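Working notes, structure below.
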Amino acid sequence: MIAKPHFAFFDEGSKKEIRRATLKAVAIPGYQVPFASREMPIARGWGTGGLQLTLSLIGRNDVLKVIDQGADESVNAVSIKKLVQHTTGVSVTEKTQEADIIQSRHRIPEKALKEDQILVLQVPNPEPLRKVDAREYMTKRMHAEDDYSGAWLLLFEQIMKFGRMSTGASHPVYVNGRYVMTPSPIPRFDNPKMHQSKGLILLGAGREKKIFAVPPYTSVESLAFDDYPFTVESFEGKACKLCGSTDVFLDEIIDPDTGERTHQCNDTSYCMEQLNSEEKVEVENSYV
Amino acid sequence: MGYVAVKGGTEAIEASLDRLKYDRLKEAEVVEINTVLATMRHLVDQVMSEASLYAPFLAALAIKQARGSMEEAVFLLRAHRSTLPRHYYSETVDTEDMFVERRVSASFKDIPGGQLLGSTNDYAHRLLDFDLVKESKEENQNWLRTYHERMKADHPDKDLQFFPKVVDYLRAEGLFERYPLDDTPPNDITKESIQFPTGRSERLQVLTRGQTGAVTSLGYASLRGYGQVHPTIGEVRVGSVPIHVQHPYEEDSEQDDSFYIGDVQLTEVESFVPVTVKNNNQKEELEFEIGYGISFGQNETKAIAMSILDQCLQKPHGEFPTHDEEFVLLHIDSVESTGFISHLKLPHYVTFQSELDSVRQVKKGGESNDS
Amino acid sequence: MYEKPILQVKHLQKQFGEGCPHCFDKESVYLEKNYCTVCGTVHAVRDVSFDLYPGEVLGIVGESGSGKSTMLQGLYFDSSMTSGAVYINQSELTGQNVLSLSSQQKRYIRNYIYGMVYQNPVDGLKMKFSSIGNIAEKMIAAGNRNVSNIEKRSKELLENVHIPLRRMKEEPQYFSGGMQQRVQIAKALSNNPPILFLDEVTTGLDLSVQASVLDLIKQIQRELHISMVVVSHDLAVIRMLADRSIVMLNGEVIENGLTDQILEDPQHEYTQQLVYSLL
Ligand SMILES: Nc1ncnc2c1ncn2[C@@H]1O[C@H](COP(=O)(O)OP(=O)(O)OP(=O)(O)O)[C@@H](O)[C@H]1O
Ligand SMILES: [Mg+2]
Ligand SMILES: [Zn+2]
């Protein structure tokens, strides 16, 4: 009755099935490959898609980094890290460049991926056309027939209504000039990082049971009209109050006492490193 | 932003887990798994049914660990299920061979084999029984002894009674169309995600795993008018059936050579739904179709609701969500719906920051555009 | 006429139902109009053939249920036909029965070659999108990715169909039936399609709106030389718009010729009735 846990949670048959779907996803960039998503020890919507990818890929010598909303120490990132470590014994890191597999929710690290790295993104809603049609049967057809006028029309309507595209995170992208894909809800700021990325990017949606991929050196273009170009979040005139970085995605912090608004790097490990290279003092304290 | 402690996640989780354990232990009571199994059988049944894993002991353990939270217990059992390699499919189960504990038909007063009320809450008055506050084990024993003696007196011969299916009786009368047996192996939805339009085997699997409340509500909605299926229950039967598997390496072995691996208790429902069909002369005629419901354990309400939804999905109808397979099948799973609802508790500040930026840009643009 | 037809329709056939030996023959006694009393099949379109020449307006008239809409929807690929062939005289499509093309190729034809105005605006418009978005949809589908370009063209079209530009961002669900029809027309014209199908565009509109929609169609034809198939059960509308006409009854073509000639000297009994009731 007392079962000894398998390496990386799954039985080997399950891992193989997930890897087969992953290979197919890599072979057809941007195409959502259905897979028999397993129930995991963490809840649907909490990263089970990403977790299944990570567990199906990880080997004993791999080094893992997990981030949630840019932070390594965010509770859910810790929880996922704990689970993977518990079932595999792999070592973990916070340094982007040291990791073999980086599992992330809602962010791509500021430091560019290297060729031997895999970024695993957790995806709640894999279907970029869901607002065009609620039915999977219909959206699947649209992808098959390369019929994306609905996606464009939604953007056009935004421009008509608001004078600009008003997408927040998960602004849709064209992958390899064929499939329209949601980049998972990463901020628009991170969309360009997918383009010609040196590392493999895998996206997993556990609840919706889809795996898709951006292979290394693949073209990823954010949907935009000729005269209404794609724009990323603007942090003009703002800098991280800790490390001073300007060309990064910043969190807005409101001082509860003074009401003053300041900014700091969303990617905590990046910030830490910038700080380390400047001065090694104060680092730990500044985040408390 | 005190909300997401950027540092200290590890400590926070440890502390939270300790608190969880504390809450379970603080009253200094220990519930034995066997107590759950022996006294909370309906809970165990519901957990097994929604988890789609027939394992009473593990379900009871899950209930204990989850401190009685249904969604949590189902979740635990489902996650455990993921770790189990699946080597065999059982032989087809013939529910006509069920060892029937209870069996009623709403369609006929006299059904062959008769009605067997068995154990049910249906006719128990729902009055809180304050005697249960202080139960005496001794009195219980006495009651049981008398009960056994009475049973022996009423049913001296231990002959097994065979209960033919009500539907066969009607079929013989020509009230149902006879379909040839369809022996296509079902698509295992746990091995391949369902694709739309679905086949019936996929629909039945999703429905039987569905959250009891969700399946009941949608079945009820159809009954009330948000759907077009209003059935009469041909038969509800509850009982256990034996499960056999074939020898894995002797594919052609005879049925008799297959291995008996245990019993499962099931609730099975066959609902009769009147439908209009065109006969050969283009005249509309009334016929019956069968809505099928099945569930691990004794889960009658869910199984009946399932039989309604089964028929609803057999006849797609644009107007009613209860007849829309994507609407029904993609929203009734306990693990999926509770997971996604609860994920809203996760921090979303990156996506929110991104939306905020869009709203600010639109506002800025609006000021300069409007003239 | 010496020109080659831009659209050739050959032996188009559409039935709802399996058909049976009793309704195979058009003259069968088991047929009640287009309905087979034995097997219940509806023969909505039966062996319809016609040619459409560049720049001409072809009228299709016939009583309710005679198969006009079914035929147009088949030509526009909304529903598949039981049998028959359709040829479009455009270089990349010559010699190909367009009914048997892939759905991607069919979409190309819908986006670049055809325009359609449905009898029921609900079929032709996204009622919850802005009117300008509705017109844009077709240009977007045809690959236009320039907003100001799309906006400019949409405004032109809206002005053409007399929809005030201040209402262009409103959703057609809040428009009157006549306005919805005019948005549909603007949408159908957005990509300058060489072929336009119009299904009962004036039915149900009050007389003054009817007149303005008819004027609009005549103006479009005069200025843009678009070839049109105009369907109506109203002979007066056909008389006003169409050079040549086809009369349909129970899914079949029963008369075919110059509109004036049909009106002056109707041959078929049904057409005679129709014409006399008009007088
Ligand atoms: N889906 C369907 N199933 C069965 N019969 C159909 C279907 N759609 C249309 N029909 C039948 O096909 C025939 C032709 O219908 P259609 O709508 O083409 O007529 P119509 O000439 O456009 O009439 P109206 O002038 O009223 O618009 C009718 O008898 C109709 O009942
Ligand atoms: Mg019509
Ligand atoms: Zn910083």
Can you give the calculated 222 nm mean residue ellipticity of chain C, where each DSSP H run of n ≥ 4 adds -39,500 (n - 2.57) and the sum is split over every residue, rounded to the nearest 500 deg cm²/dmol? -10500 deg cm²/dmol
So, with a 1.4 angstrom probe, what is the percent of accessible area on the stretch B:9-81 that is carbon and sulfur? 55 percent
For A:222-228, what's the mean count of beta carbons from other chains sitting within 10 Å of each residue's beta carbon? 4
Occluded residues from the stretch B:343-357, i.e. those whose accessible area drops by 10 Å² or more once the chain is not alone (1.4 Å probe): B:His343, B:Lys345, B:Leu346, B:Pro347, B:His348, B:Tyr349, B:Val350, B:Thr351, B:Gln353, B:Ser354, B:Glu355, B:Asp357
Selected from C:Ala85, C:Asn120, C:Val42, residue furthest toward positive end of dipole (chain C; charges at beta carbon): C:Asn120
Heavy-atom surface of the protein assembly as shown, accessible at 1.4 Å and reported per residue (Å²): 50 Å²
Before we go on, tell me the buried accessible area for the A/C pair, both chains summed, 1.4 Å probe, in Å² to the nearest 100. 1700 Å²
Under the √(5λ) rule applied to the eigenvalues of the Cα gyration tensor, what semi-axes describe the equivalent ellipsoid of the stretch C:7-277? Give them in Å, descending. 32, 22, 17
Add -39500 (n - 2.57) for each DSSP H run of 4 or more in chain B, then divide by its residues: what number comes out at 222 nm, to the nearest 500 deg cm²/dmol? -13000 deg cm²/dmol
For the stretch B:91-126 and the stretch A:209-254, compute the distance between their C-alpha centroids and round to whole Å. 63 Å
Candidates A:Val75, A:Val84, A:Val33, ranked by Gaussian network fluctuation over chain A, Cα under 10 Å, top entry: A:Val75
Over chain C, with a Gaussian network built from C-alpha contacts below 10 Å, which listed residue (C:Glu63, C:Glu151, C:Glu32) shows the highest mean-square fluctuation? C:Glu32
Estimated FRET transfer efficiency (B:Ser217, A:Arg141; beta-carbon r; R0 22 Å; 0.05): 0.15
Would you calculate the separation in nanometres between label points at C:Lys10 and B:His87, each defined as 7 Å from the Cα along the Cα-to-beta-carbon direction? 6.4 nm
Cα centroid of the stretch B:152-222 to Cα centroid of the stretch C:131-201, whole Å: 52 Å
Taking both sides together, what accessible area is buried at the B/A interface, probe 1.4 Å, expressed in Å² and rounded to the nearest 100? 4900 Å²
Inter-chain shielding of A:151-161 (mean C-beta neighbours from other protein chains, 10 Å cut-off): 6
With the full set of protein chains in place, find how many percent of the accessible area of the stretch A:134-288 is carbon and sulfur; take the probe as 1.4 Å. 48 percent
In the stretch B:79-95, accessible area falls by at least 20 Å² from chain alone to full assembly (1.4 Å probe) for B:Ala79, B:Ser82, B:Thr83, B:Pro85, B:Arg86
Neighbouring partner chain Cβ atoms per residue of A:164-172, average, 10 Å criterion: 5
Give me the percent of the accessible area of chain C that comes from carbon and sulfur atoms, probe 1.4 Å, all protein chains in place. 48 percent
Calculate, in nm to one decimal, what B:His317 and B:Arg224 gain on full extension: separation in residues at 0.36 nm each, minus their alpha carbon distance. 31.9 nm
Pair-distance profile P(r), taking every C-alpha pair of the stretch A:12-222, with 10 angstrom steps and integer %: 9, 36, 37, 15, 3, 0
Here the FRET efficiency for B:Tyr147 versus B:Val245, based on Cβ atoms and R0 = 41 Å and rounded to 0.05, is 0.65
Taking chain A as a Gaussian network, Cα atoms linked when under 10 Å apart, which of A:Leu202, A:Leu119, A:Leu57 shows the biggest mean-square fluctuation? A:Leu57
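The values are calculated or read from the model by the stated rules, or taken from the named source; none is laboratory data. Since we're looking at a predicted model, the values are computed, not measured. Using ideal geometry, Cβ is built from the backbone for each residue, glycine included, and neighbour counts are taken over all protein chains shown. Just so you know, the surface numbers come from the protein's heavy atoms only, side chains and all, with ligands and any DNA or RNA stripped out. Shrake-Rupley method; radii C 1.70, N 1.55, O 1.52, S 1.80 Å.
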